[in-house]
Structure formats: structure tokens, C-alpha cells
Amino acid sequence: MAYTYYKLVGQGSSNMTSLQGRISATYEEMVAAFGEPHYSEPSGDGKVNTEWELEFFDMGFNRMVMATIYDWKDYDGGLRSRNGQPYEWHIGGHNQGAWAAVDEVLKESIANREFEEEYA
């Protein structure tokens, strides 16, 4: 594993991030990997209903990587992104390392859950 992640606390930690990619996962898979989202109420403009703000340590480059994971412009209070079906989450950050970190940690979490279910 090249990334270790830390969940951020507080609003505004992810200022000046932009879309770096997308990833498909259920809400339940996201919560299992990253914990409960920081924000689960609609933003003031209704564009975002569910959001995680995360900071990862990139061991390969010895640097911190900021990432946000969020639903975008569904205007439904989070119903579509949290309905138990795979959803295309937006990944924000300052560079592609944000997408790479989220992808790696999520895939590892899903693999670990599948292993535990198979061998439990």
C-alpha cells in the first residue's frame, strides 16, 4: 500500500480542489472504507449532498495528498448516491494523486471485506 489516509475534521479543509476523476462504488462501500461522510446534508446550492474530506500520506513521494469524495448535481438530497446501488462518485483534489489514493484505499477495503465474508 502506497497511501495511508487520515480523515480530516472541519469545514474548508479542501478549499481550491478540483475534479481529478470518478470512481464507482456503493455508499456502503464508501462508508466501510472511509467512515461516515463529513457532510450528509445538501450544500447551500444543493449541488453536493454527501462529501468526505480526506488527507492521505503518499509514501512513494513523501507528501500529503488532499482528496474529496462527493456526489454532484443530483439535486435529490442524497437519495441517488445512498440508495445501495453503485454510484459514480466525484474525486476532487489538487492533482491525480487524490484519485489514486481514493482508488487504492477503496479497492483494498472492498477486497478485505470480500475476504472476511468468504472466510468468516
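Summary of computed values
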| quantity | calculated |
| --- | --- |
| Spin-label zone in the stretch 53-87 - amide nitrogen under 18 Å from a point set 7 Å from the Cα of GLU104 along the C-beta vector | 54-69 |
| Mean Cβ count within 10 Å, highest first, over the residues of peptides 24-35, 104-115 | 24-35, 104-115 |
| Highest average packing first - 53-64, 87-98, Cβ atoms within 10 Å | 87-98, 53-64 |
| Options (i) 7.5; (ii) 8.0; (iii) 8.5 - which one matches mean projected area of the Cα convex hull in nm² as calculated here | (i) |
| Distant-in-sequence amide H partners of VAL48 (H built 1.01 Å from N, under 5 Å) | SER43, LYS73 |
| Karplus-derived 3J(HN,Hα), 6.51/-1.76/1.60, for each residue of the stretch 81-95, Hz, glycine and proline x | 6, 10, 8, x, 9, x, 10, 8, 7, 8, 10, x, x, 8, 7 |
| Long-range amide H partners of GLY21 with built H, under 5 Å | ILE91 |
| Distance between the stretch 80-120 and the stretch 18-40 - C-alpha centres, whole angstrom | 7 |
| In sequence order, calculated HN-Hα J values of the stretch 22-28 (Karplus, 6.51, -1.76, 1.60; Hz; x Gly/Pro) | 9, 8, 9, 6, 7, 4, 4 |
| The chain: calculated mean residue ellipticity at 222 nm from DSSP helix runs of at least 4, using -39500 (n - 2.57) | -8500 deg cm²/dmol |
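Every number here is computed from the coordinates shown, using simple stated rules; none is lab data. These numbers were taken from a predicted model, which means no experiment stands behind them. Every residue, glycine as well, gets a Cβ built from its backbone with ideal geometry; the counts of neighbours run over all protein chains shown.
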